[in-house]
Each structure stands twice: as structure tokens, then as C-alpha cells.
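The values are calculated or read from the model by the stated rules, or taken from the named source; none is laboratory data. If you're wondering where the values come from, they're calculated on a predicted model, not measured in any experiment. Every residue, glycine among them, receives a Cβ derived from its backbone with ideal geometry; neighbour counts consider all protein chains shown.
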Amino acid sequence: MSLDMATGMTQGSPRERLLAAANELFYREGVHTVGIDRVIERAGVAKATLYSTFGSKDELIAAYLEARHDAMRERLRRAIDRRRSPRARLLAPFDVQAELAADESYRGCAFANATAESHGSSADAAVAAYRAWVRTTFTELATAAGARDPATLARQLHLLWDGASSSARMDHDPTSVRAAKAAASVLLDAALPAG
């Protein structure tokens with residue numbers, strides 16, 4: 001059974017329920033703001049179950065972030081696969097981000113939020129893996145599109161991706177993502193071969 005990132009899960013194994021509760025509470029309120037007792041209560045499991053399953057709150061936070069990474073990877077893959085042209089495939093991540101930012105429960109990037117709250121924890125490794133994946137995804141798409149300098153284009157697109165997420169959250173304005181996509185389109189005009 002997979003974790004539904006939008007609604008959470010009330011059924012499933014204790015691990016799945018703990019992850020669903022963590023996803024709901026950590027994303028909405030913050031990884032350190034939410035105490036472990038609230039996660040346990042929401043999941044409907046015993047404290048011993050949390051510790052036998054994850055070992056610590058820190059490991060639960062890492063698992064929560066890994067589950068969000070998996071969900072984003074799948075969502076982005078589906079969006080990219082629906083696009084035909086290399087240019088449209090490069091812009092697909094911004095369409096996904098626009099859908100997320102338009103949701104009233106949007107609280108920005110879960111990875112940026114977790115990083116702002118914790119340093120030197122296992123969350124850092126999950127955040128680093130996610131960010132590397134975003135950059136690699138943009139690099140692979142830029143390479144497939146024939147970009148003259150795929151690594152630089154990927155870095156620029158990643159910066160726009162990050163900025164759009166932060167702006168949509170901080171300004172409570174999901175249209176920020178459309179502005180980032182428009183800026184990305186200008187970058188593609190300069191970076192991709194004509195035609």
C-alpha cells in the first residue's frame with residue numbers, strides 16, 4: 001500500500017499509518033513543532049511501535065521526507081512522460097509545481113521546510129538526496145533537449161524551481177510558479193538549439 005501524500009492514510013500497517021500521520025502533521029506544522037506523541041496518537045499506534053519501526057523521531061522525519069521524495073518522483077515522471085517535445089518536458093516540473101501551489105493545503109517545499117528546522121540530522125541526507133535528484137532530472141532533460149550546457153541550464157532551472165516554491169508559500173501566491181515557468185521558457189530560448 002502506498003502513501004497518499006495529499007490525504008494521508010488511516011488504514012494500513014503501523015508503518016504506513018505512522019508515515020501518513022507524519023506526512024500530515026509534519027508538513028502542515030513542521031518537523032520539530034510536532035511532538036512524537038501527536039504522531040503516535042494520529043497514527044493510532046503505541047509509542048513502542050514507533051521506536052521499533054523507526055528507532056527515533058529523527059529517523060521518522062527522514063522516512064517522511066523519503067516518502068515525499070518518492071511521491072514527487074512519481075508525479076514528475078508522469079507529467080514528463082505526458083509531454084512530447086523536449087522543451088515541454090523541461091517545463092513539465094513547473095506545471096507540477098503549479099498544481100501543488102494551487103492547493104489550499106500547500107505549505108511550500110517540505111524539504112526546504114525541514115532544512116530550516118533541523119541541521120545535522122538524518123533529514124539532511126534525505127534533503128540532499130531530493131535536491132540531487134531534482135538537479136539530475138533537469139540535467140537529463142536538458143541533455144535530451146540538446147542544451148549547449150546542460151549542467152548550467154539545470155542549475156538555473158533548479159533555482160527557478162526553488163524560488164517559485166518559496167515565493168508561492170511566502171507570498172501566498174500560486175501564480176508565482178507561472179512567472180517562474182515564463183522565466184524558464186526564456187532560458188530555454190537561449191540554451192536550446194533553434195527549431
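Only a single criterion out of (1) in contact with an Asp or Glu (Cβ under 9 Å, 6 or more places away or on another chain); (2) without any contact (Cβ under 8 Å) to a residue 60 or more places away in the chain is not satisfied by ALA182, namely (1).
Close Cβ contacts (under 8 Å, 6 or more residues apart or on different chains) running from residues in region 167-178 that are in contact (Cβ under 8 Å) with a residue 60 or more places away in the chain and farther than 19 Å from PRO93 by Cβ to residues that are outside any helix (DSSP H, G or I) and not basic (Lys, Arg) comprise MET170/GLY108. Taking the listed residues ALA125, ALA110, ALA98, the one that is under 29 Å from ILE61 (Cα atoms) and exposed (fewer than 13 other Cβ atoms within 10 Å of the Cβ) is ALA125, with no other qualifying. Checking GLY146, GLY108, GLY163 one by one, the residue that is farther than 22 Å from TYR64 by Cα and touching a residue at least 60 places away in the same chain (Cβ under 8 Å) is GLY146 and no other.
In region 72-95, which residues are under 13 Å from the mean Cα position of the chain (by Cα), more than 24 Å from GLY30 (Cβ to Cβ) and buried (at least 17 other Cβ atoms within 10 Å of the Cβ)? LEU76, PRO93, PHE94, listed by residue number.
Number of residues in region 128-164 that are part of a helix (DSSP H, G or I), more than 13 Å from PHE94 (Cβ to Cβ) and among the hydrophobic types (A, V, I, L, M, F, W, C) equals 9. Look at region 52-71: where a residue is buried (at least 17 other Cβ atoms within 10 Å of the Cβ) and a partner is polar (S, T, N, Q) and assigned to a helix (DSSP H, G or I), sitting 6+ places away or on another chain with Cβ atoms under 6 Å, you get ALA62/SER122; TYR64/ASN23. Entry remark, region 56-78: residues being farther than 12 Å from VAL39 by Cβ and hydrophobic (A, V, I, L, M, F, W, C) number 6 in total.
Quick grid of which residues meet (1) aromatic (Phe, Trp, Tyr); (2) at pLDDT 90 or above; (3) over 13 Å from the mean Cα position of the chain (by Cα); (4) more than 18 Å from ARG73 (Cα to Cα):
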| site | (1), (2), (3), (4) |
| --- | --- |
| SER122 | no, no, yes, yes |
| ALA128 | no, yes, no, no |
| ARG131 | no, yes, no, no |
| THR136 | no, yes, yes, no |
| ARG148 | no, yes, yes, yes |
| ALA168 | no, yes, yes, yes |
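Pairing each residue of region 13-31 that is on the phi > 0 side of the Ramachandran plot with any residue that is among the acidic types (Asp, Glu) and modelled with pLDDT under 95, provided the two are 6+ apart or on different chains, yields C-beta distances under 8 Å for GLY30/GLU117.
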